[in-house]
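Structure record follows, encoded as structure tokens.
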Amino acid sequence: MDKYTEITYLKGVGPKKAELYRKLGIDTVEKLTRLYPRDYIDFTDLKPIREAVIGESCAFRAVVAHKTEPFSRYARVAVYKALLTDGEGEITAVFFNTKFAFDTLRLNEEYIFYGKITGTQLDLQINTPQFLLPNKQGLVPKYPLTAGLSNNMLSANMKTALSLVKREETLPDKIRERYELIGADDAMRRIHFPKNAEEYKQARKRLVFEELLTLKLGLSQIKNRGKTLSGAVMTDVDINGFYESLPFAPTNAQLNAVDSCISDMKRLYPMNRLIQGDVGSGKTMVAAAAAYFACVNGFQTLVMAPTEVLARQHYDTFMGFLSPLGINVGLLSGSLSASEKKNVRAAAENGDIEVLIGTHALIQKSVKMKKLGLAVVDEQHRFGVEQRSVLAEKGANPHILAMSATPIPRTLALIIYGDLDVSIINEMPKGRVPIKTYAVDTSFRPRIYAFIKKHIAEGKQAFIVCPLVESGENTPPEKQSAIEYYNKLTSGEFSGIPTGLLYGKMKQADKDAVMSDFRDNKLKLLISTTVIEVGIDVPNAVVMLIENAEQFGLSQLHQLRGRVGRGSEQSFCVLMTDSKTDYTKARTQAMVDTLDGYKIADIDLRLRGPGNFFGREQHGLPPMKIADLADDAVLLTEIDKLAEEIISVDPTLSAPENEGLRANVDELFSNGI
């Protein structure tokens, strides 16, 4: 039996249990060894019984002083009890319907017990504790599970798998020596069954190092693939006509970003650049300038947005920037009829449309461009590396310009944008007034409603954001439903005020109609879900109320807040929540204290952890099995430098000493990049 043997044939598994493992993505013995523990029970950190805290879990050493069996073991709930003592304190272990575990305990024998403490200070209890003999003391793994698989089952299967599999070394000796890393096989065994905290730390450091280095090397290779000659090398042309046609003066940060794009597009290999800027910083103007530069050079541009609403808005914005300069801008939208779509695709293919804007539908094979020179991807973290690659295939290695209004901490950016050069727009357009943010509970609702109506009476507009679209059977009553809330407000507090409703599952034509009416000031109030999170630009909207603010991520709240404050008027964002947890307080205070999206992103990463910062489906990267970008930030910085060193000497990882690294990269990116 080798590591590629199907899990079904591992002793103690069989066909039924194999199906459960497949739910965890495990179909071979080797993959089982890569299912790392999510946590450990520390049987080495022992407390005296008298120091045990009710409501908390702990481990303690104790002797079984007395055992009590139920009056009838045929009762519906058979309760077995054991009195435990460490000589200074006593606690009762209670086992419900678990005779086997109870019978395992021997009178007057000493064990190490672990579990949650219940009862009272005078009568401490621990329900169905885990226990070990003292000579088995160590860290006991807790694995990710699925219904039907217990931790004990998985641990037993893991021990069998480890007896069959030896992990080959993949890191060069000089790297292991330089960074004081243990061997691959030792790391695999110690991560599953460490004898103490030091063994765990050594194993985790080695495995995290290898995983992050593999990811960085893979992304660096993608970046270097762009060093193949571009079919869209451009020459220097005067774009002052573009700047002169703008109705505003660009910021220095915008001008610098445009200069970087133009410099990249004149090289022999394609641009692969990210324009990152906080909400409202003016990234679209930079993209329009790059598109203008491409058009004057005789090349077409594709602009891909994550939603229909944002694609339509980009179309309007690019039309405003480029149409006066004689550039033909087209929109490929889901709301177009089949014949209209056909006409747009034909015009793009014959070169009549110079800038084509749409959603991910642009990467379909039916969309062809006559001479694509530039592809712009907005909110790039929602597309990922693979979709950018597909977009690039629409032309002969065209230039790629990604944009994101989602501020990302540097540690995450090293990974998520690892294949891109980055320009940051850190200036806001002139004339913007900082948004005032307040956090209140629902007792302020009448005052907030009055505040909104006051601004509407003065000719302004407002948003109210709800976390849900419609209530279901399991929806707590305090969570506002956008549809129910809309009905309630339009027949109550805001009756007589033109109010729109916007949510994700609406028909596109209805969405477009609502947004068009709101932009045109026909609607004064817009009740919406997070469909407005990205990009919607209505300068006349000056107040936003976010209901149940605790239901949103911190960076998401910042994105939502960016829908107001886009004009020259004072704007306001009100976060409403009755949650009193420390977590909610920390998040709302961060929103009140700063408008800096990067500071907020750092706080969000610290509070939520990287696993929740982006959903897996958003950033499009291979999943990590053990690395944690918040905890491993220092290590990631070192690895970033190391990956650059390796790639600068051996770009294809073809040197004999890098054979293992090459195999790791191929395996991690085996599903395409």
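Between residue 403 and 275, 377, 378, 379, 380, the built amide H atoms are under 5 Å apart, and every one of these is 5 or more places off in sequence or on another chain. Considering only 58, 95, 235, the residue lying farthest towards the positive end of the dipole of the chain is 95, judged by Cα position with unit charges set on Cβ. Of all DSSP-defined beta bridges confined to the range 1-127, some 85% are antiparallel rather than parallel.
If both residues of a DSSP beta bridge must be in the chain, then about 35% of such bridges are antiparallel. Counting every Cα pair in the range 169-283, what percent are over 17 Å apart? Roughly 71 percent, rounded to a whole number. D for the range 543-584, whole µm²/s, Stokes-Einstein with Kirkwood Rh over alpha-carbon pairs at 4 °C and 1.567 mPa s: what number? Taking Rh from Cα pairs, D becomes 117 µm²/s.
What the phi angles of the range 203-216 give under the Karplus curve with 6.51, -1.76 and 1.60, with θ = phi - 60°, is a coupling list of 5, 5, 4, 5, 5, 5, 4, 5, 5, 6, 5, 4, 5, 5 Hz, glycine and proline written as x. Extension gain, residue 520-residue 45: 0.36 nm per intervening residue step, less the Cα-Cα distance, totals 164.5 nm.
For residue 371, the aspartates and glutamates whose Cα falls under 14 Å of its own Cα, not counting residues fewer than eight places away in the same chain, are 349, 352, 354, 393. Considered as an equivalent ellipsoid built on the Cα gyration tensor, the range 87-240 has semi-axes of 52, 21, 16 Å, the largest given first. Over all pairs of different C-alpha atoms in the range 62-115, the reciprocal of the mean inverse distance, the Kirkwood hydrodynamic radius, equals 11.5 Å. Cut-off under 21 Å on the C-alpha distance; same-chain residues fewer than 8 positions from residue 283 excluded. Which lysines are left, in chain and number order? Output for residue 283: 266, 430, 599. Rg and Dmax of the range 1-99, both derived from C-alpha coordinates alone, stand at 20.3, 53 Å.
In this structure, the amide hydrogen of residue 541, modeled 1.01 Å from its nitrogen in the peptide plane, lies closer than 5 angstrom to those of 461, counting only residues at least 5 positions away or on a different chain.
Can you pull the percent of the chain's accessible area that's carbon plus sulfur, 1.4 Å probe, other chains left in place? Heavy-atom surface of the chain belonging to carbon and sulfur, 1.4 Å probe: 50 percent. The base-10 log of I(q)/I(0) for the chain, evaluated at q = 0.11 Å⁻¹, reads -1.22 [Debye formula, identical scatterers on Cα atoms, solvent excluded]. Where only DSSP H runs of four or more residues are counted, the chain gives -11500 deg cm²/dmol as its mean residue ellipticity at 222 nm, each run worth -39500 (n - 2.57). Between the C-alpha center of the range 79-133 and that of the range 324-360 there is a gap of 72 Å. Normalised per residue, the accessible area of the chain is 46 Å², obtained with a 1.4 Å probe and no contribution from ligands, DNA or RNA. Descending by average beta-carbon neighbour count within 10 Å, the peptides 561-570, 489-498 line up as 561-570, 489-498, the highest first.
The values are calculated or read from the model by the stated rules, or taken from the named source; none is laboratory data. Every value quoted in this text rests on a predicted model; they were computed, and no experiment measured them. Because the Cβ atoms are built from the backbone with ideal geometry, glycine has one as well, and the counts that use them run over all protein chains shown. SASA here: full protein model, heavy atoms, side chains in, ligands and nucleic acids out. Shrake-Rupley method; radii C 1.70, N 1.55, O 1.52, S 1.80 Å.
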